[in-house]
Amino acid sequence: MTAVDDLDRKPAEAVRIAISRADDAAVALAEIRQQLATARPSFVLLFLPSRLQPDELANALRKSLPNTVVFGCTTAGQITSRGYEDSALLAIAFERRHFRVASTLFKPISPVSIADVVSQTERLVSQFRATPGRKRLALIFADGLSKQEDILVAALEAGLKDIPVFGGSAGDGLRFERTQVLHNGEFHSNAALLLLLETDLTFSGLGFDHFQPTEERMVVTRAVPEERLVLEINGSPAAQEYARLVKVPVAELSPAIFAENPVLVRNRNLYHVRAIQQIQGEHGLTFLSAIDDGLLLTLGRGKEIIRTLDTGLAVSDKDGKAPDFILGFDCYLRKLEIERKGLDGEASEHFRQRRVVGFSTYGEQHLGVHVNQTFVGVAFFRPEGGAPL
């Protein structure tokens, strides 16, 4: 890999990055404020580790950054300038000379009202007047336990029309208890945050996984779609049949096994991952994406994950220049697989050299589709006249 200056040695031009590993929310935000003292942000994205309590952080936020627009969410891990982390409070300040932002909160999102999402999105777009010569994109952060992202993102695409949308579902470490998004100084569950961005930077969307289909097919023969719960596969108890296909005892099924043996759904010539979250009850399997009776699934087999990571992140602009930074949304199941294989140091080095910051998600949103076990991101390039990397 060609050496590229990382974000510590060569800071990004369009964003400022601040990190705290303090255990106390007030102390952490004080450290963030100090690191951002010279920034002039349009807004700040804040990604929380599961060890910090959102309510405590919201209270401290009002005192530490009272005049700053802050959005964010809880996470299943962070991607900092060091790579993968679990305990870092990560702040990304988007400089106002390069970015404008407008926002809206969808709440509740369970169940999703498609008509309300479309109309609310269209209203946001119409009120956020375009600046000639600038480009637009949208970011979506949703409650990762809402089970509504598939419908939500499809509705967003209808409302946004030709504006591309990327994002990630909020996480909660590996607890799966409560996930929240941050808007107007408060954290919200059963909600989704939409940010409409305008920028003078060129950007490029990223989306890739490392799986290929096998010959093993399965049919969902009994499901509870609104719960993303599969009770039977091929006419047998779901967990039992899945365990048979991946050749492990049911008792050994775990997030790591699910991460390395996903099921895929074919859409035309593309396969999308339908990741399994956990065993539900005795034999059920809870998924992280939409599922229904009669759905044909294909067992996936992984390709070399570090090689596909490096290839997927190797992007440049029309002049061959590396990104100023990459905002990344990476499925927590990818991280689990990488850690199980002892590759987390190597993966972190690739993130570091490719200038990636972001978080580990409970699901990813890519151009109108909710996916799993996928890296989704946006590579932002320096504007004309910006200092080269």
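Taken over segment 130-157, the criterion of being surrounded by fewer than 19 Cβ atoms within 10 Å (Cβ to Cβ) and small (Gly, Ala, Ser) is satisfied by 130, 133, 154.
Restricted to segment 288-389, the set of helices (runs of 4 or more DSSP H) holding at least 2 residues that are among the β-branched types (Val, Ile, Thr) comprises 305-313. Each residue in segment 57-89 was checked for being under 15 Å from residue 332 (Cα atoms), open to solvent by 10 Å² or more (accessible area, probe 1.4 Å) and not in a strand (DSSP E or B), and 3 of them qualify.
For segment 158-198, which positions are in contact (Cβ under 8 Å) with a residue 40 or more places away in the chain, closer than 18 Å to residue 367 by Cβ and crowded, with 16+ Cβ neighbours inside 10 Å? Of everything in segment 158-198, those that are in contact (Cβ under 8 Å) with a residue 40 or more places away in the chain, closer than 18 Å to residue 367 by Cβ and crowded, with 16+ Cβ neighbours inside 10 Å turn out to be 159, 164, 165, 166, 167, 168, 169, 192, 194, 195, 196, 197. So the check is Cβ under 7 Å with 6+ separation or different chains; which pairs have a first residue in segment 305-321 that's under 16 Å from residue 352 (Cα atoms) and a second one that's polar (S, T, N, Q)? Once the first residue is under 16 Å from residue 352 (Cα atoms) and sits in segment 305-321, its partners that are polar (S, T, N, Q) give 315/204.
Conditions (1) within 18 Å of residue 168 (Cβ to Cβ); (2) at pLDDT 95 or above; (3) of a type outside the set (A, V, I, L, M), marked per residue:
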{"residue": "56", "(1), (2), (3)": "no, yes, yes"}
{"residue": "89", "(1), (2), (3)": "yes, yes, no"}
{"residue": "94", "(1), (2), (3)": "yes, yes, yes"}
{"residue": "99", "(1), (2), (3)": "no, yes, yes"}
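From the set of residues in segment 268-286 that are more than 18 Å from residue 230 (Cα to Cα) and without any contact (Cβ under 8 Å) to a residue 12 or more places away in the chain, which is surrounded by the most Cβ atoms within 10 Å (Cβ to Cβ)? So the residue we want is 270. State which residue is nearest to residue 83 (Cα to Cα) when the search covers only segment 336-353 and only residues that are open to solvent by 10 Å² or more (accessible area, probe 1.4 Å), touching a Gly at 6+ places or on another chain (Cβ under 9 Å) and not acidic (Asp, Glu). The residue in question is 348. The set of residues from segment 147-189 being part of a strand (DSSP E or B) and either more than 23 Å from residue 278 (Cβ to Cβ) or modelled with pLDDT of 95 or more (or both) comprises 165, 166, 167, 168, 169, 172, 181, 182, 183, 186, 187, 188. Taking the conditions exactly as written (surrounded by 17 or more Cβ atoms within 10 Å (Cβ to Cβ), touching a residue at least 24 places away in the same chain (Cβ under 8 Å) and among the basic types (Lys, Arg)), does residue 217 satisfy them or not? Criteria not met by residue 217. Looking across segment 257-267, the residues that are out of contact with any Asp or Glu (no Cβ under 7 Å at 6 or more places or on another chain) and surrounded by 13 or more Cβ atoms within 10 Å (Cβ to Cβ) come down to 257, 258, 261, 262, 263, 264, 265.
Each residue in segment 6-47 was checked for being of a type in the set (D, E, K, R), in a loop (DSSP other than H, G, I, E, B) and open to solvent by 70 Å² or more (accessible area, probe 1.4 Å), and 6 of them qualify.
Only residues that are part of a helix (DSSP H, G or I) and either surrounded by 17 or more Cβ atoms within 10 Å (Cβ to Cβ) or of a type in the set (Asp, Glu) (or both) were counted in segment 91-127, giving 8. Scanning segment 120-168 for residues that are of a type in the set (Val, Ile, Thr), over 18 Å from residue 206 (Cβ atoms) and under 22 Å from the mean Cα position of the chain (by Cα) yields 121, 151.
The values are calculated or read from the model by the stated rules, or taken from the named source; none is laboratory data. Not measured: the values here are computed from a predicted model. Because the Cβ atoms are built from the backbone with ideal geometry, glycine has one as well, and the counts that use them run over all protein chains shown. The accessibility values were calculated without ligands, DNA or RNA, using every heavy atom of the protein model including side chains. Shrake-Rupley method; radii C 1.70, N 1.55, O 1.52, S 1.80 Å.
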